[in-house]
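The next block holds one structure in the form of C-alpha cells; read it before the comments.
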Amino acid sequence: MAVPALDLKKTPLNDLHRELGGRMVEFGGWDMPVQYATGTITEHLRTRTHAGLFDVSHMGEIDVRGREAIAFVNKITSNDASKLIDGQAQYSALTTPQGTVIDDLLVYRFAEDHLLLVVNAGTTDKDWGWISSHQTGEAVKLQNVSADYCQIALQGPDAISILQTLTETPLAEIKYYHFVRGAVDGVDSIISRTGYTGEDGYEVYAAPEKAGQLWSKMLDAGKFGSEKGILACGLAARNTLRLEAGMCLYGHEIDEETTLFEANLGWITKLNKGDFVGRDALTKQKEEGIKRKLVGFEVTDRGIARDGQDVLIDGERVGKVTSGSPAPFLKKNIGMAYVPFELAKLDQKIEIDVRGKRVSARIVPLPFYKRAK
C-alpha cells in the first residue's frame, strides 16, 4: 500500500528537487526524485561518462561507540570489522540465524571504539530494532543518528575534479572504501570514496542544514557545458547504474529469504572470524552446497525483462527475475535472477515470461559493466 503523500519523509533537498523539475515518487516511505527532465537514460550515461549527483540523504546511520564496538558489530554482521583500520569502510550484511539477510550495509571505522553503520532507507527502523535487540551486555552505546546527516553522492569519472574545487582535502589520496574528515565548501564533512553506481566517486556526509549549500555548489562546480556537465540524477538512474555494475539491491537480490552464499556474497562472509548471527547456518550451507544461485542474464530476443517475471529453462519455471531493465550504457537488455545451482552455467539458455510471451536470454558473467581502472 502506498504511503499517503502527506506522511512521506522528506530529505533536506526536497524543495531543490522540485525546483529542478524532479518527478517525485514514494520510495521506502520517502518522497524522492525518480528522474529529472533530462530523463533516466541521459542521467545514466552522464554518470558513466562525466558525473552524476545523487541525493542519498534518506539512508540511515547508526552510531556504535564503546570499548566493545568492534566485537559487537562483528557479532551482528557477516564481514570482519576487526580487519578495518581508522578511516576505512567495508561492505557487510546483517544476518538472521538462518544466514539470510536483514539488510546490507556499510561499516565505517572512525576509531577502535567508534563505528558508524550506514543502512538502507526503507529498512532503517527494522535494522535499528534488530541491532538494538542484539545488544546483550556489551560495553557499547547505540544511537540512531540518521537525522544528523545528509548524504550526497557525486559519481563518475569527473567526480574527483569537480569535488576537488570545493575542498583542500587531497581527494586522490583517499583510497577506495576509505574516508576522511574534511571541509567541503567550508562545511565540516565526511568524504568517503564509495558509491553505488560502478563508477569512481565520493559520498559526502554533513549536517542536514548544509545539504542545500553542498548540493548547489557541486552542481555549479560541475558545469562544463550542456553535453559534458554534471547532472542531478534520480532513483531510476541509480538503479540502472547499479544493475549494470551487478550490485545487489535489498528487497530484490537479497532479503530475509536469501542467504549470502546464494547471492554471491561469500566474499563478505567471514566464517573464520568467530561466532556471529547466522554463522552456523552459513557454515552448514557452505559444506552442503547451495541449491540456487544468483546469475546475470542478457536478453537475446526482442523484449525487456522486468522484476518479478518468471524464468524458464527447457519450459520449466525455475525462478524469478530479481532485477531487469535496459542497460543504457551497454545498449542491451539485462537482468539478474535466481536459478537452480546445477543450471547456473555461463551461456545457459533461459527464457523470461514477459507478459505471457517467452523471451529468449542467456546467462552471462557478473558484473555486466566494470569501469576501467
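Evaluation of residue 370 against the conditions (1) out of contact with any Pro (no Cβ under 9 Å at 6 or more places or on another chain); (2) under 27 Å from residue 196 (Cβ atoms); (3) surrounded by 17 or more Cβ atoms within 10 Å (Cβ to Cβ) shows that the sole unmet condition is (3). Could you run through region 151-193 and say how many residues are surrounded by fewer than 19 Cβ atoms within 10 Å (Cβ to Cβ), among the hydroxyl-bearing types (Ser, Thr, Tyr) and under 22 Å from the mean Cα position of the chain (by Cα)? Residues in region 151-193 being surrounded by fewer than 19 Cβ atoms within 10 Å (Cβ to Cβ), among the hydroxyl-bearing types (Ser, Thr, Tyr) and under 22 Å from the mean Cα position of the chain (by Cα): 2 in total.
Report, by residue number, each residue of region 250-260 that is in a loop (DSSP other than H, G, I, E, B) and buried (at least 19 other Cβ atoms within 10 Å of the Cβ). Answer for region 250-260, where residues must be in a loop (DSSP other than H, G, I, E, B) and buried (at least 19 other Cβ atoms within 10 Å of the Cβ): 253, 258, 260. As a summary of the residue check, residue 342 satisfies the conditions (1) outside any strand (DSSP E or B); (2) of a type in the set (D, E, K, R); (3) under 27 Å from the mean Cα position of the chain (by Cα) except for the one numbered (3).
Scanning region 216-231 for residues that are in contact (Cβ under 8 Å) with a residue 40 or more places away in the chain, over 15 Å from residue 48 (Cβ atoms) and surrounded by fewer than 24 Cβ atoms within 10 Å (Cβ to Cβ) returns 216, 217, 219, 221, 224. In region 303-323, the residues that are of a type in the set (Asp, Glu) reach residues that are surrounded by fewer than 15 Cβ atoms within 10 Å (Cβ to Cβ) with C-beta atoms within less than 6 angstrom, at least six apart or across chains, in these pairs: 310/317. Consider region 126-149 and keep the residues that are among the acidic types (Asp, Glu) and more than 18 Å from residue 102 (Cα to Cα). The one that is surrounded by the most Cβ atoms within 10 Å (Cβ to Cβ) is 138. Tallying residues that are within 22 Å of residue 16 (Cα to Cα) and buried (at least 23 other Cβ atoms within 10 Å of the Cβ) within region 236-249 yields 2.
None of 211, 221 is under 25 Å from residue 105 (Cβ atoms) and of a type outside the set (Phe, Trp, Tyr) except 211. Residues in region 269-315 that are under 25 Å from the mean Cα position of the chain (by Cα), farther than 30 Å from residue 353 by Cα and either hydroxyl-bearing (Ser, Thr, Tyr) or assigned to a loop (DSSP other than H, G, I, E, B) (or both): 269, 270, 276, 277, 278. Count of region 194-215 residues, restricted to those that are among the small types (Gly, Ala, Ser), part of a loop (DSSP other than H, G, I, E, B) and surrounded by fewer than 24 Cβ atoms within 10 Å (Cβ to Cβ), is 2. Examine region 202-212 for a residue that is at pLDDT 95 or above, among the charged types (D, E, K, R) and under 20 Å from residue 123 (Cβ atoms), and state whether such a residue exists. Yes: one or more hits.
Of all residues in region 165-179, none are under 24 Å from residue 211 (Cα atoms), modelled with pLDDT of 95 or more, in contact with a Pro (Cβ under 9 Å, 6 or more places away or on another chain) and assigned by TED's automatic domain parsing to the domain that holds residue 196.
The values are calculated or read from the model by the stated rules, or taken from the named source; none is laboratory data. Predicted model, so just to flag it, every value in this text is computed and none were measured. We place every Cβ from the backbone using ideal geometry, glycine too, and count neighbours over all the protein chains shown.
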